Amino acid sequence: MAERELRLQPRLQCIADCVPRGARLADVGTDHGYLPVWLLKAGRIERAIASDINAGPLEHARRTAEEHGVSGRMDFRLCAGLEGIGRGEADTVVIAGMGGETILGILGGASWDYRGVRLLLQPMTKAELLRRYLSENGFAIVSERLVPDKGTIYAVIEATAGSMRPLTAAEAWCGTGLLHDPLYGAYAGDRAAKLERAAVGLRQAKRLDSGGAERLEADARELRERIEEWKHVNGI
């Protein structure tokens, strides 16, 4: 039977494009293992570690690797986060397809020295919490990319060990270095609208402390200002 072609969905393809050639890759929460298998087949990497906290997804990854003839170049680890992966085994760590809170928990819970390690992080939710965590806990955000997938725009965050200045509210909510990204207007606009709706909800609830609503409104205004800056930079 002919081997089926392996195609990555857009958010995974965006991550794959960020993986340097020859990287020693660890894919945390690998699910079906599509990303490391694709990279191995493309000749971008020589070996990969695929880990997952659940046995079912890890078995799916094993079957994917066997189907595409790369199982001999993959290690499969049943573990939570980075617990079963040694610091020297990977120089590029992908943590994707889970909430920002879960990702920051994995990073904070690992007894790793992240110096020299490239982190490729793709939060499905709470990206603002992950960005703030990185900026306040010994990491530096190197770059971000935006990618549309199934009607939603996601951010792929590349980070390393290091330090960075405190993030503005707009940067926490919508990323850094994205003013030339064609998707930034839609990405920031969506988040500004959510903040505005949340502020309305707080005010309608008639809570005694209106400070929460005021903070949300201030963040939304900053995002709207950043969208205007994006328009100016890109001649829109």
With the structure loaded, tell me whether ALA48 is in contact with a Pro (Cβ under 6 Å, 6 or more places away or on another chain) and aliphatic (A, V, I, L, M) or whether it fails that test. yes
Of ALA159, ALA155, which residue is more than 20 Å from GLY116 (Cβ to Cβ), touching a residue at least 12 places away in the same chain (Cβ under 8 Å), among the aliphatic types (A, V, I, L, M) and assigned to a strand (DSSP E or B)? ALA155
Going residue by residue through the stretch 54-70, is there one that turns out to be closer than 24 Å to ARG131 by Cβ, under 22 Å from the mean Cα position of the chain (by Cα) and among the polar types (S, T, N, Q)? no
Pairs only if they're at least six apart or on different chains, beta carbon under 7 angstrom, first in the stretch 167-178 and of a type in the set (S, T, N, Q), second at pLDDT 95 or above and surrounded by fewer than 21 Cβ atoms within 10 Å (Cβ to Cβ); list them, first residue then second. THR168/GLU222
Considering residues of the stretch 104-152 that are among the hydrophobic types (A, V, I, L, M, F, W, C), part of a strand (DSSP E or B) and touching a Ser or Thr at 6+ places or on another chain (Cβ under 8 Å) only, the residue surrounded by the fewest Cβ atoms within 10 Å (Cβ to Cβ): ALA140
Enumerate the pairs (first residue in the stretch 30-49 and without any contact (Cβ under 8 Å) to a residue 60 or more places away in the chain; second residue anywhere and among the basic types (Lys, Arg) and assigned to a loop (DSSP other than H, G, I, E, B)) with beta-carbon separation below 8 Å, excluding pairs fewer than 6 apart on the same chain, so at least 6 apart or on different chains. LEU40/ARG47; ARG44/ARG21; ILE45/ARG21; ILE45/ARG24; ARG47/ARG24
Name the residues in the stretch 71-90 that are surrounded by 16 or more Cβ atoms within 10 Å (Cβ to Cβ) and within 20 Å of the chain's Cα centre (by Cα), would you? ALA80, GLY81, LEU82, ILE85, ALA90
Based on what the data block shows, is LEU178 outside any strand (DSSP E or B) and modelled with pLDDT under 95? no
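The values are calculated or read from the model by the stated rules, or taken from the named source; none is laboratory data. None of the values given here were measured: they were computed from a predicted structure. Neighbour counts run over all protein chains shown; Cβ positions are idealised from the backbone, glycine included.
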